[in-house]
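Undergrad: Here you go, one structure.
The values are calculated or read from the model by the stated rules, or taken from the named source; none is laboratory data. A quick note: this is a predicted structure, and the numbers were derived from the prediction, not measured. Please note: Cβ atoms are built from the backbone with ideal geometry, for glycine as well, and neighbour counts cover all protein chains shown. Accessible surface areas use protein heavy atoms only, side chains included; no ligands, DNA or RNA. Shrake-Rupley method; radii C 1.70, N 1.55, O 1.52, S 1.80 Å.
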Amino acid sequence: ESPLYLNVQIQKALALNALEKVDDAKALLEKISAQNPKDIRPFDALGNILRSHERYGEARDAYARAIALVGKPTKQNWTLFYARGVCNERLKDWPAAEADLKRALERDPQNISTRFALAQALLAARQLPQAEAELKRIGHTLSPLEIVVVNTSAGAKYGRPDYVTSGCGMGYEA
């Protein structure tokens, strides 16, 4: 078997996802993860696909399987904790979201996206002083007329029929 086989199969799953054949992509990734039980890549790809379709519980499970294979996490593994933390936040599991996002920050303390996601989870959990402290750690105060990038779910919805009606971006008025 070619050393590229696994990469090709993951790319095939991503192509199936692009064709909105999410369950086919999931089945393929589960099959190749069974064939390669010590490789985190199929689980990571599965989590990313499921998260992009707002299947947060399934995505969280895929990330958990990837994390279990990591052993001692390093800086490069921050994305697994970030992604699982986002899933936990969407599932309103605030303690788990906070724990995962903090684990992501332990691996990449300067990551503003993770720090902002943690602040959002803390706000949702009504931990206002802690959320404010995280926002201060980002260290940025907006100035008048400054351009702001808004993080939305637009990337996952772009090209789908429900793109505008799902609340992506800034709405019709923008």
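Undergrad: Examine region 13-27 for a residue that is within 25 Å of GLY71 (Cβ to Cβ), assigned to a helix (DSSP H, G or I) and open to solvent by 50 Å² or more (accessible area, probe 1.4 Å), and state whether such a residue exists. Step through it out loud before you land on a result.
TA: So in region 13-27, the residues within 25 Å of GLY71 (Cβ to Cβ) come out as 13.
Pick out the ones that are also assigned to a helix (DSSP H, G or I) and you get 13.
So of that shortlist, the ones also open to solvent by 50 Å² or more (accessible area, probe 1.4 Å) come out as none.
Within region 13-27, not a single residue is within 25 Å of GLY71 (Cβ to Cβ), assigned to a helix (DSSP H, G or I) and open to solvent by 50 Å² or more (accessible area, probe 1.4 Å).
Undergrad: Go through (1) buried (at least 17 other Cβ atoms within 10 Å of the Cβ); (2) within 26 Å of ASN17 (Cα to Cα) one by one and return the number of the condition GLY57 breaks.
TA: If we test GLY57 against (1) buried (at least 17 other Cβ atoms within 10 Å of the Cβ); (2) within 26 Å of ASN17 (Cα to Cα), just (1) comes out false.
Undergrad: Test of understanding: among LEU123, LEU135, LEU142, which residue is in a loop (DSSP other than H, G, I, E, B), over 24 Å from LEU50 (Cα atoms) and at pLDDT below 90? Please lay out each step first, then the result.
TA: On the way: LEU123 fails: in a loop (DSSP other than H, G, I, E, B); LEU135 fails: in a loop (DSSP other than H, G, I, E, B).
One residue alone meets the criteria, LEU142.
Undergrad: Tally time: how many residues in region 41-54 are open to solvent by 50 Å² or more (accessible area, probe 1.4 Å) and either of a type in the set (A, V, I, L, M, F, W, C) or not in a helix (DSSP H, G or I) (or both)?
TA: The first filter runs over region 41-54 and keeps only residues open to solvent by 50 Å² or more (accessible area, probe 1.4 Å), leaving 41, 48, 51, 54.
Filter again for either of a type in the set (A, V, I, L, M, F, W, C) or not in a helix (DSSP H, G or I) (or both), leaving 54.
The number of residues fulfilling the criteria is 1.
Undergrad: In region 91-101, what count of residues is obtained for those that are surrounded by fewer than 18 Cβ atoms within 10 Å (Cβ to Cβ) and in a helix (DSSP H, G or I)? Walk me through how you get there before you give the answer.
TA: Here is the first cut: in region 91-101, the ones surrounded by fewer than 18 Cβ atoms within 10 Å (Cβ to Cβ) are 91-92, 94-96, 99.
Next, only the ones that are in a helix (DSSP H, G or I) stay: 94-96, 99.
Residues that pass the stated criteria total 4.
Undergrad: Ok, one more. Report every pair of residues separated by at least 6 positions or lying on different chains whose Cβ atoms are under 6 Å apart, first residue within region 57-84 and touching a residue at least 40 places away in the same chain (Cβ under 8 Å), second part of a helix (DSSP H, G or I) and hydrophobic (A, V, I, L, M, F, W, C).
TA: From region 57-84, the pairs are LEU80/ALA66; LEU80/ILE67.
Undergrad: Can you tell which of ALA104, ALA62, ALA83 is surrounded by 21 or more Cβ atoms within 10 Å (Cβ to Cβ), under 22 Å from LYS38 (Cα atoms) and in contact with a Pro (Cβ under 9 Å, 6 or more places away or on another chain)?
TA: That would be ALA62, the only listed residue that is surrounded by 21 or more Cβ atoms within 10 Å (Cβ to Cβ), under 22 Å from LYS38 (Cα atoms) and in contact with a Pro (Cβ under 9 Å, 6 or more places away or on another chain).
Undergrad: Among the residues of region 146-153, is any at pLDDT 80 or above, β-branched (Val, Ile, Thr) and either touching a Lys or Arg at 6+ places or on another chain (Cβ under 9 Å) or open to solvent by less than 90 Å² (accessible area, probe 1.4 Å) (or both)? Break it down stepwise before answering.
TA: Residues of region 146-153 at pLDDT 80 or above: none.
There is no residue in region 146-153 that is at pLDDT 80 or above, β-branched (Val, Ile, Thr) and either touching a Lys or Arg at 6+ places or on another chain (Cβ under 9 Å) or open to solvent by less than 90 Å² (accessible area, probe 1.4 Å) (or both).
Undergrad: Before we move on, is ALA117 on the phi < 0 side of the Ramachandran plot, touching a Leu at 6+ places or on another chain (Cβ under 8 Å) and either among the hydrophobic types (A, V, I, L, M, F, W, C) or part of a loop (DSSP other than H, G, I, E, B) (or both)? Please lay out each step first, then the result.
TA: Values: on the phi < 0 side of the Ramachandran plot: yes; touching a Leu at 6+ places or on another chain (Cβ under 8 Å): yes; either among the hydrophobic types (A, V, I, L, M, F, W, C) or part of a loop (DSSP other than H, G, I, E, B) (or both): yes.
For ALA117, the condition - on the phi < 0 side of the Ramachandran plot, touching a Leu at 6+ places or on another chain (Cβ under 8 Å) and either among the hydrophobic types (A, V, I, L, M, F, W, C) or part of a loop (DSSP other than H, G, I, E, B) (or both) - is met.
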